[in-house]
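For reference, the structure discussed in these notes is given below.
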Amino acid sequence: YFVMELVQGRPIDQACEGLALEARLQRFLQLADAVAHAHRNLLVHRDLKPGNVLVNAEGQVKLLDFGIAKALDPLDHPLEGADPGALLNITQAGERPYTPHYASPEQVRGEPVGTATDIYSLGVLLYVMLTGLRPYGRHATTPQEAARSVLEEEPTRPSALSPGLVND
């Protein structure tokens, strides 16, 4: 198990509301560094979403809730000199814990997951941080609809969103 500090903060999407683009990107870079640290230590988070990324009063990003994280096996996937694709350690396909709006396609399909799963979810989070909207599944009312939208909907380019919809 992991013992972590108690973090008082706001979910990263809420903490980005009203911030300039540069400040949002700085927060995203902190998050990317935290995810990279987890990956270097052979952990795939598997549940990157705003509620698991808090920003404290000092503007520091804190990655939380490794409850469904997957430890990679260093014997199966050595880091030294490894091809980046070799770091895609698999999990058991039978168990499929994920948050539908932030899940990667392989999570939704029940396929093997790895570090690329977290990278995909980082992209979804970045979209939300920049626009205030999810890239797809905006009209989903059930977890099943949200999961299906990951596989079937083409994300709207942020530049194509109506100005009134984008989070300033």
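The values are calculated or read from the model by the stated rules, or taken from the named source; none is laboratory data. Because the structure is a prediction, the values reported are computed rather than measured. Neighbour counts run over all protein chains shown; Cβ positions are idealised from the backbone, glycine included. Accessible surface areas use protein heavy atoms only, side chains included; no ligands, DNA or RNA. Shrake-Rupley method; radii C 1.70, N 1.55, O 1.52, S 1.80 Å.
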Item checked: Tally of residues being of a type in the set (D, E, K, R), in a loop (DSSP other than H, G, I, E, B) and free of Cβ contacts under 8 Å to residues at least 12 places away in the same chain across region 6-30 -> 0
Next item on the list: Please name all residue pairs, on different chains or six or more residues apart, with Cβ atoms under 7 Å, provided the first residue is in region 31-49 and is outside any loop (DSSP other than H, G, I, E, B) and the second residue is at pLDDT below 95 and surrounded by fewer than 18 Cβ atoms within 10 Å (Cβ to Cβ).
Entry: Leu43/Ala69; Leu43/Ala71; Val44/Ala69
Check: Any residue in region 93-102 that is at pLDDT 90 or above and charged (D, E, K, R)?
Finding: no
Check: Which residues, taken from region 129-146, are assigned to a helix (DSSP H, G or I) and open to solvent by 10 Å² or more (accessible area, probe 1.4 Å)?
Finding: Leu130, Pro143, Gln144, Glu145
Check: Assuming Asn56 fulfils every condition listed in (1) in contact with a Gly (Cβ under 8 Å, 6 or more places away or on another chain); (2) at pLDDT below 90 apart from one, which condition is it?
Finding: (2)
Checklist line | Within region 112-127, considering residues that are modelled with pLDDT of 90 or more and open to solvent by 10 Å² or more (accessible area, probe 1.4 Å), the one nearest to Ser162 (Cα to Cα) | finding: Tyr127
Item checked: Tally, over region 17-74, of residues that are on the phi > 0 side of the Ramachandran plot and either among the hydroxyl-bearing types (Ser, Thr, Tyr) or surrounded by 20 or more Cβ atoms within 10 Å (Cβ to Cβ) (or both) -> 1
